Amino acid sequence: MEKSRLYEYIDSRKGEIIERGRIFFDCAELGFKEEKTMDMICTELDKMGVPYEKGIAMTGVKATIGKGNGYHIGFAADIDALPRKDGAGCIHSCGHSIQTAMGLTLLETLVKTGFIEEANGKVTVFFTPAEEFIDFAYRDEKIREGKLEFRSGKQNMIALGCFDDVDCILSAHANGDTETKFDIGSTLAGFMAKKTVFMGKSSHSGAAPHLGKNTLHGAMLCLQAVSFLKDQFAPEAGLKLNPVITKPGGDVNMIPAETIVETYIRANDNETLFEACRRFDACVEHSARMLELDHEIKTTAGYLPLRQSDGLNAVVKENMLAFCGEKDIVKDPVSGASGDVGDLGTLLPTVQFGFSGIEGRFHSDEFIIKDEENCYIDAAKVMVGTIFDLLTQPEKQVRWEGFSGKKEQYLAHLRQNQ
């Protein structure tokens, strides 16, 4: 079968594909609450005759097509949304509904054209919940109830073994570019959350401040020390560290006995991220020791940095060039944003290319899908073309060894920092 047959099928269904995208955009739900979205996905899969598992990590769906022991491609599609800033429900202001629609377009195209029956390989679309790192009270409640282990969808699906037999991960995400069509090779920062509690002794600030142990002084000393950390890492490491005091404590005439400092530590690679965390802890420890304060540090694992597969991105770029010129592709943009696709990229060869077509700021109520042709049609063609090449040209396939060992280390890291 020629690749053009896949493109022709998408073109023949253009109206329906775009309309499906609009329907999913209008169905916006918070992470691990995507019940309606999950049911809509399953309804579409039933129409296609595609087998699936549902209710994975509460609201995730896994749909696999193909046969044989050949290359197994995973496509990761986020399905959650964000709260509207005006309080009126939710909105897909990060464009995850486009990924959901793309996953369905890929499955439909590969099945209805008959290509997947000819290929020696499999494609699994993972409709993953809860990519946005929010709504902690609800998620932590579900963790206590035993319905989840971690706060993000992909983290839970990794732990459940969903990706154990996959060779690579493909994904795509809307970007904010208005001048070009696509980007490849972008980075995402990783992050860890830190909550530090300084504990001292209260006393009257006027009559007997010397009898107290001022935790606000400890916090201020710590903030000063942490401010110097930023100059100890190269700019390309992408270290971002902006702690805030979330509980100053005490009244105006009392020495505060407890002060809380919280921060995210962000970096572009694992080495910087973990080293910055170590140094932050040292700043806390020595600031507390200097003033004879007690302290506790709570570390919560966020997401790991994304480093994309050069080999897979070469295939993606070839397919982009079928729909645009070199000048329409941004190479290797650096982003301070984070996503749990970075966790997958630690375990498996992974790519997440970007596509334009958005108007309005991301994560705002003004977010609009302006260029539906690029978001729903051209981006899907790039992805389906990449899948075609990977399943028909074995020399382009990328595999990594040692998945089980990497997964074991990864889960140990998450469980130690819950």
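The phi torsions of the range 128-135, fed into the Karplus equation with coefficients 6.51, -1.76 and 1.60 and a -60° offset, translate into couplings of 9, x, 6, 7, 5, 8, 9, 6 Hz, rounded to whole numbers, with Gly and Pro shown as x.
When you count the other C-beta atoms within 10 angstrom of each residue and take the mean per peptide, 8-14, 58-64 line up highest first as 58-64, 8-14. The residue list F150, I329, G49 was ranked by how far each Cα lies along the charge dipole of the chain toward its positive end, using unit charges on Cβ atoms, and F150 comes out on top. The percentage of C-alpha pairs in the range 32-101 whose separation is greater than 15 Å is 61%. Most simply put, the chain has about 65% antiparallel DSSP beta bridges, counting only bridges with both residues inside it. Projected label points at Q232 and N69, each 7 Å from Cα along the beta carbon direction, are separated by 5.1 nanometres. Beyond 40 Å, what percent of the Cα pairs of the chain remain? Counting every Cα pair in the chain, those more than 40 Å apart make up 23 percent.
How much length would be gained if the chain were fully extended between L211 and A314, taking 0.36 nm per residue of separation minus their Cα-Cα distance, in nm to one decimal?
Extra length from L211 to A314 when fully extended: 30.5 nm.
Entry note, the chain: relative contact order of 21 percent, from Cα contacts under 8 Å with a spacing of 6+ residues.
Label positions at E118 and R22, each projected 7 Å from the Cα along the C-beta direction, are separated by 3.4 nm. Here's the list of aspartates and glutamates a cross-link from K247 could span, going by alpha-carbon distance under 18 Å and ignoring same-chain residues fewer than 8 apart: E258, E262, D294, E296. Of A322, A172, A130, the residue with the greatest mean-square motion in the GNM of the chain, using alpha carbon springs below 10 Å, is A322. Per-residue Karplus couplings for the range 27-37, computed as 6.51 cos²θ - 1.76 cosθ + 1.60 with θ equal to phi - 60°, are listed in order as 9, 10, 9, 6, x, 6, 10, 7, 5, 5, 4 Hz, Gly and Pro entered as x.
Per residue, the average separation of C-alpha pairs within less than 8 Å and at least 6 apart gives the range 190-301 a relative contact order of 43 percent. So which of K122/K317; K14/K331; K142/K181 end up more than 30 Å apart, counting from Cα to Cα? Over 30 Å Cα-Cα: K142/K181.
Among the GluC sites (Glu not before Pro) found in the range 330-418, those both in a DSSP coil and sparsely packed, with 16 or fewer other Cβ atoms within 10 Å of their Cβ, are E366, E401.
Return the tail of the calculated pair distribution for the range 20-168, meaning the percent of Cα-Cα pairs more than 20 Å apart. In whole percent, the share of Cα-Cα pairs in the range 20-168 beyond 20 Å is 47.
Say a paramagnetic label sat at a point 7 Å from the Cα of D332, along Cα to Cβ; which residues of the range 159-190 have their backbone N under 19 Å from it? Only 182-190 fall inside the zone, counting backbone N under 19 Å.
Listing D177, D167, D46, D78 from fewest to most neighbouring C-beta atoms within 10 Å gives D46, D177, D167, D78.
Reported value for the range 163-317: 155 Å³ per residue, from the convex hull of its C-alpha atoms. Relative to the current alpha-carbon distance between F403 and R84, full extension at 0.36 nm per residue lengthens the span by 111.0 nm.
Throughout, read-outs are computed from the coordinates displayed, never taken from laboratory work. Predicted, not measured: the structure shown is a model, and the values here were computed from it. Counting neighbours? That spans all protein chains shown, and the Cβs are built from the backbone with ideal geometry, glycine included.
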